[in-house]
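Each remark here refers to the structure printed beneath this line.
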There are 2 protein chains.
Amino acid sequence: MEWYLITPVAGLASLVLAVYLHRYVSKQDSGTEKMREIAQSIKEGAKAYLRRQNMTLAAFALIMATVLGVLFGLTEGVFHGVSAVVAYLFGSLCTAIAAYVGMMAAVEANVKTANAARTGLKKSFSVAFYGGAIMGMSIVGLSLLGISLLFFIYYNVLGWTAAAASNVVLAFSFGASALALFAKAGGGIYTKTADISADLVGKVELGIPEDDPRNPAVIADNVGDNVGDVAGMGADLIDSYIAAVIGAMIIGSAPLLGGGIYTTLPLMIAAVGLFASIIGAIFAQVSIKASPGAALNRGLFSTCFLFIIFLFLITRFSGLGEDKWLGVFLPTVAGLAAGMVIGLTTDYFTSIDRSPAQRIAGASVSGAAINILTGFSYGIISIVPSIIGISAATLAAWYLADMFGIYPFYGIATAALGMLSIVGMIISTDAYGPVSDNAKGIAEQAGLGEEVVEITDKLDAAGNTSKAITKGFAIGAAALTVLTLFGAYTELAGISSLNLMQPKIVVGVFVGAMMPPLLSALLILSVGRNGERMIAEIRRQFKEIPGLMEGKAKPDYARCVDIATKGAIKELMLPCVLAIIVPLVTMVVLGVEALAGFLAGSIVTGIIFALMMANSGGAWDNAKKYIEAGAHGGKGSEAHKAAVAGDTVGDPFKDTAGPSLNTMITVMSLVASVFVPLILVLLA
Amino acid sequence: MEWYLITPVAGLASLVLAVYLHRYVSKQDSGTEKMREIAQSIKEGAKAYLRRQNMTLAAFALIMATVLGVLFGLTEGVFHGVSAVVAYLFGSLCTAIAAYVGMMAAVEANVKTANAARTGLKKSFSVAFYGGAIMGMSIVGLSLLGISLLFFIYYNVLGWTAAAASNVVLAFSFGASALALFAKAGGGIYTKTADISADLVGKVELGIPEDDPRNPAVIADNVGDNVGDVAGMGADLIDSYIAAVIGAMIIGSAPLLGGGIYTTLPLMIAAVGLFASIIGAIFAQVSIKASPGAALNRGLFSTCFLFIIFLFLITRFSGLGEDKWLGVFLPTVAGLAAGMVIGLTTDYFTSIDRSPAQRIAGASVSGAAINILTGFSYGIISIVPSIIGISAATLAAWYLADMFGIYPFYGIATAALGMLSIVGMIISTDAYGPVSDNAKGIAEQAGLGEEVVEITDKLDAAGNTSKAITKGFAIGAAALTVLTLFGAYTELAGISSLNLMQPKIVVGVFVGAMMPPLLSALLILSVGRNGERMIAEIRRQFKEIPGLMEGKAKPDYARCVDIATKGAIKELMLPCVLAIIVPLVTMVVLGVEALAGFLAGSIVTGIIFALMMANSGGAWDNAKKYIEAGAHGGKGSEAHKAAVAGDTVGDPFKDTAGPSLNTMITVMSLVASVFVPLILVLLA
C-alpha cells in the first residue's frame, strides 16, 4: 500500500468535519427580524461579489488553461496537455468552491454569532469559531484531496514518473493561485474601498457612528470584511500551502533525490498536519471557559504539539532510514518554529498592549503626519526579527538536511511545509476574526443593546492576537514557499549556479525587486480610485434621498455594493496581468538565469514590503483603538483624529497591498516554474 | 609626463574659481540692519552646528583611523599603516574643510541674495548661483586635488604598484564618507527637526506664518536649510564621486587590466568633467536673461556637451589604442545619459506642473490619509523608469566595454564616473536651491516687501527643476557607484563567482536588503524624537516669554539651535554605527561571499527606498504648493491641511532618510572593501 494515501483520507476527514460544523451553524437561530434583514443584505452582497469575481475568474482561467494546454501539448504531447488543463482547472475549481462555501458559511455565522451572544459568551464563541473553521477545513480538505487524487491518477494509475506526475500537478497549484490572486487583490480592493469610503463620509464628514444603518456603504463594508478577510486570507494561505506541497514534491522527484518516498512525503506531512488541525480545532472549542483568546491559543499550540508527534512518526517510520529521517524531521520543525517566532513578533509590533502601538498613539498628539511617520518606521523595524527568523530557518533547514544526507533544497521545502502544515487550524483561527468582527457590527446595527455588543467585543478582541500571529505565519510561510519554488524553478530550468556577478542576473534582481513595491502602489491607487467613485455615490444618496440622515428612509445599499464590486474586479486586472507578463518578458529578453535573479529580487522586496505593510497597518489600527480606549484624550480628541488618519493609511497597507504581495510573489514564481520549462523545450 | 597630472591642475583651477567667487559674494552688500542681524544669527547657528558636528566627526575619525592603521600596519607593515591613516584623515579633512567653507559661503550668500533682489533678478541670481557654486567648486576641487596628490606620492614618488597605491587611496574615500555620513544623516535630522517643529507649533497650532521672526525655531529652521541641503547634498554627491573615482582606479589596477592607463584614466575623466563644470558654471551665470531656470539648464547641458567632447579627446588619444577607446568612451556616455533619464523622470514625478503632484493635490480633498496614500504610491511608481535606466546603463556599460575588449566591471565603473564627472556643476546647481530658498526666508523675516519677495520666489522656483534633476542624478550615481564598489570588493576579496543558490549568500542578500529600510526607519524616528524635544521648547517659550506672541519680545533662538544640534548628533550615532558594524558581523558570521550578497541586497533596496522617499517627498511638497497656488480651495482649505500633513510626512522622507541612504550604502560598500581584504590577510 502507498502510505501517502492517508492524504486523501485526511482531506475527506476534514471535509466531513466541515459538513458537520456547517450543520451545527445552520441549526442556530438568526435572531430578530432586523438581524435577518441585515444578514440577508450581506449575503446578497457577498453573493453578488463572488458571482462577478468567479465569472471573471472563469474567463481568466479558460485563457490560461488554453495557453497551458497548447504549450504542454506542443512539448509533451496531447495527453499531457489535456492532463495539465484538467489539473489547472481542477485547482481553480477546488479552491473557488471551497472559498465560496467557506465564505457563505462565515456570512451565515456572522448573524448567528450575534444572536448567540444574547445567550452568553461560550455559545457565541462556538458559533463564531465553527463558522470560521468551515472555511479552514473545507479549503484545506478539498485542496489536499485534489492534489493527492491527481497525483494518484498520474503516478499510480497511469504509471508516469514521479517527476512527470509532480510537474503536471503543479498546474493544480497554478490554478489555485489564480483564485488566490483574484480573491486577495480583488477582495482587498473591495473591502478597503467600502471601509474607507464609509468612514470618510460617515464618520468624518457627517459624524455618524461606524456601522450606522443610515450609511449607504455599511452593507458593502460588512460584505467587504467577509470577501477581504475570510475569503482573501483563506485564499492567500491555501495558495502558499498548495505551492509548498507541490514544490516539495517536485524537488523530491528531481534526479538528485530520485522520487519515491521523497515525492510522496510532502503529501504525508500535509496529511498529518491536517489531522493535527482537526483535533486542535475541536479541542479549541471544547476548552473554552472564560477567555476566548486562551481557547484559540490552546487550539493553536495543541495543533503544533500534535503535529510534531505525528511528524516524528511518519518521518521515522516511512522508510527514509535511520540515518536520514532527521534530515527531514528537523528542518520541518525549524520551519514551524520560525513561523511561531514571526507570528509572535508580529503580535509584539502590532498589539495594543505593547510599546510600538502605544508610542504611535503617543505620536498622534503631534498630528497625523507624526503618527504616520512613527507607524511607518515601526512597521519597517518590525521586519528585522522576521527577516532574522526566515534567515535562521533557511540556514537551519539547509544545513540540517545536508548534515543527514538530504538534498538541501528539500530541507527548505520541508521547512516551508512545517510552517504551513497546520494551515487548517491557522485559517480557522483567522476566519474567526472577521466573523466575530461582523457579529459585533450586526449587533450594533440591529440595536441588540450594550451587553450583547460587549460580548461580541470580547470575541472580537480575542481574534486580534491570533490574527496577528496567523498573518505573520502567512508571510513567513510565503517566504519559505517562494524559496522552495525558486528551488523548483532552478531545478526545472536546469540552472545549477546563479552568478550575481553577471550583469543580466543583477538586472534581473533589480527588475524583480521593483515588482512588489510597484504592485503595492498600483493596488493602493486602485483603492483610492475606487473609493472616489464610492464616496461620490454615498454623498449623492445623502443629498438626494430625503429623510436618510434622520433615519426615516432606507439607503440604497445595493448600489454601493455594486460600485465596490465592479471597481474591484476592474482594478485588479493591471497588477494581475503584470505579475504574469513581466516574469515572462524578463525571461525572453534576458534569459532563464535573469528570471531566476528576478524571482530572487521579488522574494526579497516582497517579504520586506509585505511585512512592513501588514505590521504598520496593524499597529496604526491598534494605536487608534488604544486612544479610543481613553488614552491621549480618547475619542474625538485631536490625537484621535490623527490616529484615524494613520489607520486609514494603514487600511490598504494591511488589507490590500500587504497580503496581496504573498500571492503575487507566489504567482510570479509559479509562472516561471510552469511556463519556462515548456518554453525552453519549444525553443530547443 | 604622466597625463593624469591634469587632475591636480583641474582641482587647482576649481579652487581658484571658488576663491574668485567667494570674493565676489563677499563684496556684495548685506542690506539693512535687520537683515544683518538675521544673517548673523543664522551664521552663528550654522557655526555652532558645524563645530559640534566636526568635533564628533574628529573623535569618530580618530577611532576609525586607529583601527585602520592597526589593521593596515599588521598586514602590510608600519609604513602602509601610516600611509592609510594619512589618506583616511586627509579624506575626512579635505571634505570637512570644503564643506565648512562652502556652507559658510552659502550662509553669506543667503542674505546677500536677498539684498541683491532689491535691485533686480539678474544680480540676485548671480549672487545666489555663485554662492552655491563656491560649495561645488571647492569640495570637488579639494577632493580631486587630494586624491591625485596622494596617488602621485604613492605611485610616482614612492614607486608602489598601481594596485597598492589605489588601495591606500581608498582610505581617502572612506574618510570622505565619514564626513558624508555625518553631514547627511546629522544635517538631515537637524533640518527636519527644526522645520517640522517650527511648522507644527507656529503654522498649525498658533497660526503664524512660515519664517515668522516670532517663532523661536525660525533661525534653527534657516540653519537647517543650510546644514541639511547645502552641506548635506554636497557631501552626499562628493562621497559617491570620490568612491566612483577610486573604485574605478582599483578595478583598473586589478590583474585583469594591469594598471597603467586604466588606473589613471578615472582621474583624467574626473579632471575633464571638472573643467567642463567650471566652464558650464561660468556660462550659466553669463547667459542669464529673464529666466533663472533656463540659465541653470543651459549651464547643465553645456557642461554635459563639453564633457563629452573632452571625454572623446582623452579616451581617443590617451593611449588606450584605436580598438579599445570606445570601450571606455561609450560606457561613460551611457552613464551620463542614464543620469539624465533618471533626473528628468524625477522631475516628471515631482514637478508642480505634472500630473503626479497635481493628482496628489486632488487626492487631498479626501483628507490627509488619501493624500499620503496617493503620494506614497506615486513615489513607488517613480522608481520604475529609474530602475530601468540604471538597468539599461548597467547592461550597456557591461556589454559595450566587453565588446571592445575592456574588462566589463571597468565599464560599469566608468559609467558611474560618467554620471558623476560633472558633479562640480551638479553641486553648484543644487546648492543654488537652498541659497535662494533662504534668501526668500530672509526677505520675509526682514520685511523687504512684496516685490522683493516675488523676485526671491522666482529664484527659488527656478531651483526646483534643477534640484529634482540633481537629486535623481545623485541616486542614480550612487547606484552605479556602489555597483562599482561591489566590483571592487569582489576583486579585493578574491570572489570570482557569487552563487545565489547558496543559502549563506541568500541570507546575506536578505540581511543586506533589510538594512536600508531599517536605517531609514531609525532616521525618521530620530527626527520624531528630536522634534518632540524641540516642540516642547517652542511651546515653553511662547508660554513663558511675555509679549512674544505680540512681537514685543525676542525669542531665544539659540536654545532651539542648540536642541536641534545636540539631538541630531546624538541620534545619528545608532544608524552610523549599524552601517559599519552589520557588514562586518555578516562577514564574520557568514563569510566573505555572504557579505557580497549583503552588499547586493543593500544596493537593491537602498536604491528603491532612496528613490521612493526622495520622489514621494518631492511630490508631496509640490502638491502642497499647487494647492497654495489656488487649486482645491487654496491656502487654509481642508485640502491644504491634508496636503500639509503629506508634506510633513515627506519632509524626513526626502531630506533625511532618502538622501542618507545613498551615503549609507556607499559606506557599507567601503567598509567591505577597506576592511575585508585586511581581515582576510590577518586570518590567513
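Every read-out reported here was derived from the displayed coordinates using simple, explicitly stated rules and does not represent laboratory data. All of these numbers come straight from a predicted model, not from anything done at the bench. Cβ: placed from backbone, ideal geometry, glycine included. Neighbour counts: every protein chain shown.
The table for this structure:
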quantity	calculated
Shielding by other protein chains, B:374-384, mean Cβ within 10 Å	6
Mean separation of Cα contacts under 8 Å (6+ apart) over length of chain A, as relative contact order %	21
Exercise: per-residue mean of other protein chain Cβ atoms within 10 Å, B:509-521	6
The stretch B:469-489 versus the stretch B:161-180: alpha-carbon centroid distance in Å	17
Cβ-based exposure ranking for B:Lys624, B:Lys504, in which fewest neighbours within 10 Å come first	B:Lys504, B:Lys624
Trypsin sites (Lys or Arg not before Pro) restricted to the stretch A:279-364 and DSSP loop, no more than 13 other C-beta within 10 Å	A:Lys289
Whole-Hz ³J(HN,Hα) from phi, Karplus 6.51 cos²θ - 1.76 cosθ + 1.60, for the stretch A:590-601, glycine and proline x	10, x, 5, 6, 4, 5, 4, x, 4, 4, 4, x
Inter-copy label distances at A:Leu158 (7 Å, Cα→Cβ; nm, one decimal)	7.2
Percent of C-alpha pairs per 10 Å bin, the stretch A:606-682, short to long	20, 30, 21, 14, 9, 5, 2
Across B:Lys203/B:Lys440; A:Lys654/B:Lys504; A:Lys112/A:Lys635; B:Lys122/B:Lys471, pairs whose alpha-carbon gap is larger than 21 Å	A:Lys654/B:Lys504; A:Lys112/A:Lys635; B:Lys122/B:Lys471
Inter-copy separations for A:Val577, label at 7 Å along Cα-Cβ, nm, ascending	5.2
Computed over the stretch A:397-508, Cα set: Rg, Dmax in Å	22.0, 67
Helix B:408-420 vs. chain B, principal-axis angle (Cα, 0 to 90°, nearest 10)	30
Nearest-0.05 FRET efficiency for A:Lys570 and B:Ser637, computed from C-beta distance (R0 35 Å)	0.65
Nm distances between copies for B:Lys543, ranked from closest, using label points 7 Å along Cα→Cβ	4.5
Karplus-derived HN-Hα couplings along the stretch B:646-659 (A = 6.51, B = -1.76, C = 1.60, θ = phi - 60°), whole Hz, x at Gly and Pro	x, 4, 5, 4, x, 4, x, 4, 8, 10, 10, 5, x, x
Cα centroid separation, the stretch A:225-282 to the stretch A:410-453 (Å)	19
Computed label-point distance, nm, for sites A:Lys27 and B:Leu158 using a 7 Å Cα→Cβ extension	8.9
Relative exposure of A:Phe404, A:Phe473, B:Phe653, judged by other C-beta atoms within 10 Å (fewest first)	A:Phe404, A:Phe473, B:Phe653
Radius of gyration and Dmax over the Cα atoms of the stretch A:119-233, both given in Å	20.9, 67
Cross-link pairs beyond the 21 Å C-alpha cut-off, checked among A:Lys34/A:Lys289; B:Lys289/B:Lys458; A:Lys192/B:Lys641	A:Lys34/A:Lys289; A:Lys192/B:Lys641
Evaluated at q = 0.10 Å⁻¹: base-10 log I(q)/I(0), Debye formula over Cα of chain B	-0.86
Square roots of five times the Cα gyration tensor eigenvalues for the stretch B:1-127, Å	39, 21, 7
Evaluated at q = 0.06, 0.07, 0.08, 0.09 Å⁻¹: base-10 log I(q)/I(0), Debye formula over Cα of the protein assembly as shown	-0.53, -0.72, -0.93, -1.14
In Hz, Karplus ³J(HN,Hα) per residue of the stretch B:631-645 (6.51, -1.76, 1.60; θ = phi - 60°; x = Gly, Pro)	6, 6, x, x, 4, x, 6, 4, 4, 5, 4, 4, 5, 5, 4
Unit Cα scatterers, Debye sum, the stretch B:202-358: log10 I(q)/I(0) for q = 0.10, 0.17, 0.19 Å⁻¹	-0.57, -1.17, -1.30
Mean Cβ neighbour count within 10 Å, used as a protection proxy, ranking B:386-393, B:124-131 highest first	B:124-131, B:386-393
Test item: B:605-617 mean partner chain Cβ contacts at 10 Å	2
Mean shadow area of the stretch B:549-684 over all directions, Cα convex hull, nm²	12.0
Helix-only mean residue ellipticity at 222 nm for chain B, each DSSP H run of n ≥ 4 adding -39500 (n - 2.57), per residue, nearest 500	-28500 deg cm²/dmol
Burial ordering of B:Met340, B:Met35, A:Met515, fewest other beta-carbon atoms within 10 Å first	B:Met340, B:Met35, A:Met515
Length gained when the stretch B:Ala558-B:Ser355 is fully extended (0.36 nm per residue, less Cα-Cα span)	68.9 nm
